[in-house]
Amino acid sequence: MSDTVTMDQIVSLCKRRGFVFQSSEIYGGQAGAWDYGPNGIELKNRIAQFWWKEMTQLHDNIVGLDAAILMHPRVWEASGHVENFTDPLVDCKKCKTRFRADQIPEESLKTKTCPECGGELTDVRKFNLMFKTNIGPVEDGSGLIYLRPETAQGIYVNFKNVLQSNRMKLPFGIAQIGKAFRNEIVTKNFIFRSCEFEQMEMQFFVKPGTDEEWFEYWREQRWNYYKKMGIRMDKLRWHRHGPEELAFYAKDAYDIEYEFPMGFKELEGVHNRTNYDLTRHQQFSGKDLQYIDQDNGNERYLPWVIETSAGLTRELLMVLCDAYEEQKVADKGNEDDYRTVLHFNPIFAPVTVAVLPLMKKDGLAELAQDIRSELKEDFVTDYDQSGAIGRRYRRQDEIGTPYCVTIDYQSKEDHTVTLRDRDSMEQIRVPRDKLSLAIREKMKSYKRV
Ligand code: ATP
């Protein structure tokens, strides 16, 4: 299998097959924003559901939350985002390109020359990444409000609410999936870094002194999550934050990195955030956020937090890159020799089963429609009757449909259909009344090729 997928191949497939479109494309596009098409939203929802199930259903002590995007502006003062959530920024006076100072060669910074055109660079300036807007009718600054740059703060400010309403006991976690906004300076690499994106974050509250063991626990859990997803594990690695990277309040931090077409890049962070956030919110809000430990003589303290912070949209890009293959399947000397195939784990595929009548005529289409309506209750299905059957298989391969059911003349005679496997392209005959079961079993025993 070729390991050399390029971002251009991914971008082109995403547009061609309705995974991801440029935002406001007919107006020339809006940088840093992307629209998820019919296949993209299915894929995104399935990844989100997988994460949600992993976090909430499979962990007895984690509950969910959906906090508002708009929060009280003091939240961001307390969190440190107003003061510290900045990127260092330089501009080229000649070609006007804007760079993140930490992303250009050190030599360029020293000599103040543009890495693109050799022109003169400005001094490094701090640039806050939070989007500001205004709430209410008057625009005199009194209604200043931010679009949240992370979902985590929505969890911290609800710590007491969740604790009390759901009678939680330490250790416990709160999970949330939602939009976040950052005024990113460099938004290249497709959906990897955008101004509007989605995060999947979980904050795990623990008794002080137990943070290190929970930190290790969550590192292991998050690594195993990707194994369970069926991602190629040789494409993942850990990166530990050095002293210069570590946030000033954090005790320890690791990133899980995936080898994207542009190299190893952060996918998710596992952070030991100490009791920094709750301490700050307690200070700024004046509300007592301490936990009363009834198992330990009603001792009062602020819990420590282990955070797992993943990007949903970034994970979607990873799933696409990980699944993509251009495969040689024949030797006829024409373009049909190749197929583009997405080797999605079937649980993520936008369409699980495509139903294809071999011919439109002789009652095959009607029979196929009938079989499709039977499968609909259990699976996401597609129906396609146009064009040569080989072409239809290719179309399904390209969006990663793991199973194709073909209805042919024999189906009319003996009530069997063929079931084609996307990865091996093998076809087996299955009795119609065993079809659902056969698909379910194949899904269960799925292994990444
Ligand atoms: P970077 O250093 O690359 O800017 P970060 O360390 O600031 O990222 P976090 O604040 O830890 O990122 O965010 C947690 C996760 O949210 C990241 O691991 C990533 O998956 C996702 N994420 C962050 N910023 C973006 C973005 N602009 N676009 C898409 N996903 C993002």
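Laboratory data are not the source of any read-out in this text; all were calculated from the coordinates shown. Only a predicted model underlies this, so the values are computations on that prediction, with no experimental measurement involved. Cβ: placed from backbone, ideal geometry, glycine included. Neighbour counts: every protein chain shown.
Beta carbons within 10 angstrom, averaged per residue: use that to sort the peptides 149-161, 362-374, 282-294, highest first.
149-161, 362-374, 282-294
For the chain, set up a Gaussian network in which alpha carbons nearer than 10 Å are linked by springs, and say which option among Thr381, Thr279, Thr111 fluctuates the most.
Looking only at Thr381, Thr279, Thr111, the biggest GNM fluctuation is shown by Thr111.
Taking θ as phi - 60°, what are the ³J(HN,Hα) couplings along region 181-192 by the Karplus curve (6.51, -1.76, 1.60), each to the nearest whole Hz, with x for Gly and Pro?
Using θ = phi - 60°, the values come out as 10, 9, 7, 5, 7, 10, 10, 6, 6, 6, 7, 4 Hz.
If one takes the longest principal axis of the Cα atoms in the chain, at what angle in degrees, from 0 to 90 and to the nearest 10, does the Cα axis of helix 276-285 lie?
With rounding to tens, the tilt is 60 degrees.
Please list, ordered by chain and number, the residues whose modelled amide H lies under 5 Å from the amide H of Val20; skip anything fewer than 5 residues away on the same chain.
Sorted by chain and number, the residues that satisfy this are Lys15, Gly37.
Rule-of-thumb check for region 218-277: C-alpha Rg over 2.2 N^0.38 Å?
1.21
May I ask for the angle, rounded to the nearest 10°, between helix 364-376 and the longest principal axis of the chain, with both axes built from Cα atoms and the value confined to 0 to 90°?
Its long axis makes an angle of about 30 degrees.
Any chance you could list P(r) for the chain, counting all Cα-Cα pairs in 10 angstrom bins from zero, rounded to whole %?
4, 17, 25, 23, 16, 10, 4, 1
Sequence gap at least 6, Cα distance under 8 Å: using those rules, report the relative contact order of region 333-444 to the nearest whole percent.
Once divided by the residue count of region 333-444, the mean separation gives 29 percent.
What value, in deg cm²/dmol to 500, does the helix sum -39500 (n - 2.57) over DSSP H runs of n ≥ 4 give at 222 nm once divided by the residues of the chain?
-8500 deg cm²/dmol
Percent antiparallel among DSSP beta bridges with both residues in the chain, to the nearest 5?
Once the DSSP bridges in the chain are tallied, antiparallel ones form about 85 percent.
Cα axis of helix 312-323 to longest principal axis of the chain: angle in degrees, 0 to 90, nearest 10?
So the inclination is approximately 40 degrees.
Taking Cα pairs under 8 Å and at least six residues apart, what relative contact order does the chain come out at, in percent?
13 percent.
What is the distance in Å between the Cα centres of region 295-343 and region 94-162?
Distance between centres, Cα-based: 27 Å.
List the cysteines in the chain whose Cβ has no other cysteine Cβ under 4.7 Å from it.
Cys14, Cys195, Cys321, Cys404
Take the alpha carbon gyration tensor of region 333-444, find the square roots of its eigenvalues, order them as a ≥ b ≥ c, and report rounded if a/c is under 1.5; if not, report prolate when a/b exceeds b/c, else oblate.
Judged from the Cα gyration tensor, region 333-444 comes out oblate (a/c at least 1.5, b/c at or above a/b).
Take the cross-link list Lys44/Lys160; Lys169/Lys287; Lys227/Lys447; Lys412/Lys442 and give me the ones stretching past 22 Å between alpha-carbons.
Where the Cα-Cα span goes over 22 Å, the pairs concerned are Lys44/Lys160; Lys412/Lys442.
What residue among Thr210, Thr401, Thr418 has the largest mean-square fluctuation in a Gaussian network model of the chain, using Cα springs under 10 Å?
Thr210
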